[in-house]
Each structure stands twice: as C-alpha cells, then as structure tokens.
Amino acid sequence: MTCLTDHRDLSRATATGYLFLLRLFSSFINIWSSCSNGSCQVVDSCSHSTDCGPGLFCGNCPALGKTQPFCIRGQATIPTSVIGGLPFNKYSWLVTHNSFSIVDAPALPGVQRFTFYNQEDTVTNQLKNGVRGLMLDMYDFNGDIWLCHSFRGQCFNFTAFKPAINTLREVEAFLSKNPSEIVTIIIEDYVHTPKGLTKLFKNAGLDKYWFPVSKMPKKGEDWPTVTEMVKANHRLLVFTSVASKEEEEGIAYQWKYLLENEAGDPGVKPGSCPNRKESQPFNSKTASLFLMNYFPTYPVEDEACKEHSAPLADMIRTCYKAAGSMMPNFLAVNFYLRSDGGGVFYDLDRMNGQRLCGCNTIAACQAGAPFGSCKNISMPTPSPMTNSVGSFSGPVQFSTSTSTVYHPNHLIIALFSFPWIISLFFWNR
C-alpha cells in the first residue's frame, strides 16, 4: 500500500509539473505572438505607446473596469483629406471645451490655482491630433487679455492661465505650417477693452486668415466650400458670445450662425438634447452650423473614458433627431484623448462617413464614387488616416495605473459640494 501511495503521489507531482510547464509555455507563446513595436491596433493589449500603431497611445479605462493597458485612438481623421471640396457646413469637426484649461499648466508665481481643468495637452498638440475647434474664455486681466476659467465675468490670479496671445500664436503657427487646414475659435467673451479682440488677433498675426462676417451665410444656406476658403486664405472662423461686437469689431455673433444644445449636465443626460437658451431653436432655418456640447458640469478626468464610450454615440443620435436630422458640425468635449478604444474619433468617423458618403465610417468613403458606395471595412477603424501626429506623453499615458495620475479636479469638486461655493462660482455666469 505504501508503494502504491508513493506511486500515486509521484504521478500527481508529474502531472502538476507538466501542467505548470504547459502553462508557462503558453505564456511564452502569448508573449511571443502578441503585437509590439508599433503593430498593435485599437484595444490590443500594450505595455507602452511605442507598441501601438500610428495615432494610438497606450492607456486604460478603470471607470469601465478596464485596468490593463490597451491601445487607444488619439488622433482624428481629417475629413477633407478623404472627401474634399464640399461646403464647410457639410463636415463634422472635433472641438475641445476650454482648450486652454490644461492640467499641469503653470500658475502665476506664488499663486495656487483654484479652478476646473478640461484638457491634458497643449493647444499645439490638440491641433496636431485633429482638433479643429477651440473654446477659449477671454477676459481683461493685468492690463491685457487673458485666458481664464473664472466666474462673475472677472479673471482672478487664481483662475488665470496665460495671456491669450500666447495661445493664438500657437494657432497662427499651425495655420502657417498647414496651409490647407481651417480652424474655428469660439470665444466666451468678457473683454470690455474697446477693439480689444481686434488688436489681439492682429498682434497674433491671425488677421490674414480671418473669415469675414460679410461672407458668412445668414439665411441657412451653405457655407463656401473648403476649397474656396483655402484659396481665399479665409481659414480662421471666429465667433464671440457678445452680439454687439459683430458690428463694432467684425466678429461674428455666435448664436446668429450656430445652433447649440445646452452645455454641462443637461447636455449629457441620456435621451435628451435641450436647446441652449441663447441659441436659435433647433428648427430655425437661418443657421447652417450646429455645435453639440458633450461634457458634464464638473469635469473628471478618469470618468471621461466612460463618457466617450457608448453614451456619446447615443447622445449624437439623440441630438441628430432633436435638430431635425441635422448632424452636428462641431462636437465639443473635455479630455478628448480619453476613451475605451475609439472614443470621440470613432464617433466623428461615423458622423463624417454618414454625411459625406452614406457609409458607416469615413474610412469606407471613396472619393468620386456615388453616394452610398462604400468600401468593405471593419469597424472600428484600426488607426486614423492623417499624416501629422501629435504626441501622447504626460497625463494621457497610463501604462501602469491611473491611481498614480494627479487629478486636481477631484479637490475642486469636493469643495463645490458646499452650496455657497457653487452659488459664488456660477453667479452671473
């Protein structure tokens, strides 16, 4: 009996050893066969951004339970590079909400900034990654015009970011280097200095790209084609929230030309796409551009990847129906790089595919082919089809864990749980 027991123990040990070696061998096979060195596509596992293909970075989305790193889309397809020559209002573009309100942006010397953050990389990098619309809050401050994320119509040293001309010079450098690109700037305007914005844009060298108000359609007709805009060098559209500046400075009044849904929490409520009160009604026939806001009132970085998954696609469909089957021309978001894979870029591909060629993604469009003639292509698009790629370093690369990333908005949100602070911040907004 002793010999029999020993034999069984030996057999079990041998079987266990074989099983261990088999698992070890399988692990080596998986490692050997996994993608790396730029060959990984969207949602493929990765350990570093260099594992992922062009326009992708290595990140995760703990808000959806996806803690292990995988390749995430980080760059838009520029629709005019696929189907060009159409009126400007026939395209959909990515817009960053509070483009200047960047995590880790330096505060004024000796000042602790106290405000919300909405983006994670520079405006230059945003433009390189396919962002074509910038939302900028401009204020009189320190004898100049500054970008601030503030309240009560006043900029404070603890809400200030930088002189606006610094960011506008980034835009000028981009337009100068990319002569076929068009950029839109939407200003939340608290500038009271006479002709202040006119002088600002001229000093930044942007007046030479200015799209004149006189040429903007005012009865809901089509805009000039992108080809015509590029040929005339009218490659910068600027809108202000102050109606009087259209006559005073030749800056287009935003809600005369743009339909818009509510910003903040009302704009992300499932199944609802309410009209912004300053905007014309969605059924208006005098505006041919539609700005869709999709960002919560309180921005939280590590929740953005969840917001930019299925809920975003659902909201685009909701707003499309609410606007009478009008596809948004501008999609404004916080933390545009964060998603569970394709994110805002995937949704923009779908929007442009449907409106430009009748296909489920712009990657299936064929220039010169009849509308509805689509290439057979899998979804989502493996990687974007543009040449100029921004970087994906800093807070957007979470190759280990997002718990190591500092989230300053968490502190602000905690403080804003006190009602008196909320009323102070949003008073007269």
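Key figures for this structure:
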{"read-out": "All positions within segment 108-134 that are touching an Asp or Glu at 6+ places or on another chain (Cβ under 6 Å) and under 26 Å from Phe151 (Cβ atoms)", "value": "Val123"}
{"read-out": "Flag for Arg169 being more than 20 Å from the chain's Cα centre (by Cα), of a type in the set (D, E, K, R) and crowded, with 17+ Cβ neighbours inside 10 Å", "value": "yes"}
{"read-out": "Failed condition for His97, given (1) modelled with pLDDT under 95; (2) more than 24 Å from Ala364 (Cβ to Cβ); (3) in contact with a Phe, Trp or Tyr (Cβ under 9 Å, 6 or more places away or on another chain)", "value": "(1)"}
{"read-out": "Complete set of residues in segment 264-281 that are assigned to a loop (DSSP other than H, G, I, E, B) and open to solvent by less than 30 Å² (accessible area, probe 1.4 Å)", "value": "Gly264, Cys273, Ser279"}
{"read-out": "Conditions (1) in contact with a Ser or Thr (Cβ under 6 Å, 6 or more places away or on another chain); (2) under 25 Å from Met351 (Cα atoms): number failed by Arg235", "value": "(1)"}
{"read-out": "Residue within segment 203-226 that is in contact with a Leu (Cβ under 6 Å, 6 or more places away or on another chain), assigned by the TED database to the domain that holds Ser99, among the aromatic types (Phe, Trp, Tyr) and part of a loop (DSSP other than H, G, I, E, B) present", "value": "yes"}
{"read-out": "Candidate set: segment 95-114, residues that are closer than 30 Å to Phe290 by Cα and not aromatic (Phe, Trp, Tyr); chosen: the one surrounded by the fewest Cβ atoms within 10 Å (Cβ to Cβ)", "value": "Val103"}
{"read-out": "Every residue from segment 312-326 that is open to solvent by 20 Å² or more (accessible area, probe 1.4 Å) and touching a strand residue (DSSP E or B) at 6+ places or on another chain (Cβ under 7 Å)", "value": "Met326"}
{"read-out": "Total residues in segment 123-142, condition out of contact with any helix residue (DSSP H, G or I) (no Cβ under 6 Å at 6 or more places or on another chain) and closer than 17 Å to Ile78 by Cα", "value": "9"}
{"read-out": "Test for Ser176: is it among the hydroxyl-bearing types (Ser, Thr, Tyr), open to solvent by 10 Å² or more (accessible area, probe 1.4 Å) and in the same structural domain as Lys231 (by the TED database)", "value": "yes"}
{"read-out": "Residue match in segment 289-311 (condition: surrounded by 16 or more Cβ atoms within 10 Å (Cβ to Cβ), modelled with pLDDT of 95 or more, of a type in the set (Lys, Arg) and out of contact with any helix residue (DSSP H, G or I) (no Cβ under 7 Å at 6 or more places or on another chain))", "value": "no"}
{"read-out": "Test result for Val242, surrounded by fewer than 21 Cβ atoms within 10 Å (Cβ to Cβ) and among the aliphatic types (A, V, I, L, M)", "value": "yes"}
{"read-out": "Test: residue in segment 221-235 that is under 20 Å from Asp137 (Cα atoms) and buried (at least 20 other Cβ atoms within 10 Å of the Cβ)", "value": "no"}
{"read-out": "Hits in segment 303-348 (condition: part of a loop (DSSP other than H, G, I, E, B) and without any contact (Cβ under 8 Å) to a residue 60 or more places away in the chain)", "value": "His308, Gly324, Ser325"}
{"read-out": "Options Val183, Val191; residue that is of a type in the set (A, V, I, L, M) and under 25 Å from the mean Cα position of the chain (by Cα)", "value": "Val183"}
{"read-out": "Subset of segment 130-161 that is of a type in the set (Phe, Trp, Tyr), open to solvent by 10 Å² or more (accessible area, probe 1.4 Å) and in a strand (DSSP E or B) - its residue that is farthest from Asp347 (Cα to Cα)", "value": "Phe141"}
{"read-out": "Breaking point among (1) in contact with a strand residue (DSSP E or B) (Cβ under 7 Å, 6 or more places away or on another chain); (2) open to solvent by 10 Å² or more (accessible area, probe 1.4 Å); (3) farther than 23 Å from Lys245 by Cβ, for Thr124", "value": "(1)"}
{"read-out": "Residue in segment 100-110 that is free of Cβ contacts under 8 Å to residues at least 24 places away in the same chain, outside any helix (DSSP H, G or I), assigned by the TED database to the domain that holds Thr227 and among the small types (Gly, Ala, Ser) present", "value": "yes"}
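The values are calculated or read from the model by the stated rules, or taken from the named source; none is laboratory data. This one's a predicted model, so the numbers in the text were calculated from it and none came from an experiment. Positions of Cβ are backbone-derived with ideal geometry, glycine not excepted, and every protein chain shown enters the neighbour counts. What goes into the accessible areas is simple: the full protein's heavy atoms, side chains included, and nothing from ligands, DNA or RNA. Shrake-Rupley method; radii C 1.70, N 1.55, O 1.52, S 1.80 Å.
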